[in-house]
1. Kindly provide the set of residues from the chain that are modelled with pLDDT under 85 and part of a loop (DSSP other than H, G, I, E, B), ordered by number.
2. What is the residue count in the range 10-25 for residues that are touching a helix residue (DSSP H, G or I) at 6+ places or on another chain (Cβ under 9 Å) and exposed (fewer than 13 other Cβ atoms within 10 Å of the Cβ)?
3. Keeping to the range 22-43, report how many residues are under 22 Å from Met1 (Cα atoms) and among the charged types (D, E, K, R).
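The values are calculated or read from the model by the stated rules, or taken from the named source; none is laboratory data. On a predicted model such as this, the values are computed, not experimentally measured, just so you know. Positions of Cβ are generated from backbone atoms using ideal geometry, with glycine treated the same way; all protein chains shown enter the neighbour counts.
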Amino acid sequence: MMRYAVVIEKAPENYSAYVPDLPGCVATGATVREVEQQIQEANSFAAPKAVCFI
């Protein structure tokens with residue numbers, strides 16, 4: 001099982017997240033919790049057998 005780090009950034013109006021090792025694996029959300037859920041979903045498409053570290 002692969003494990004990837006997730007970067008979460010605060011923007012003026014929301015939060016964004018990306019996985020540096022998975023190009024195109026990005027997400028946005030109104031809260032940290034929402035962006036964590038969104039990045040997990042995005043990861044399931046980019047690398048189905050991987051786990052993201054948040």
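1. Residues satisfying the conditions are Met1, Ala47, Pro48, Lys49, Ile54.
2. Here is the first cut: in the range 10-25, the ones touching a helix residue (DSSP H, G or I) at 6+ places or on another chain (Cβ under 9 Å) are 10, 14-19, 22-25.
Among the residues that remain, those that are also exposed (fewer than 13 other Cβ atoms within 10 Å of the Cβ) are: 10, 23-24.
Adding up the residues that qualify gives 3.
3. Looking only at that region, the number is 2.
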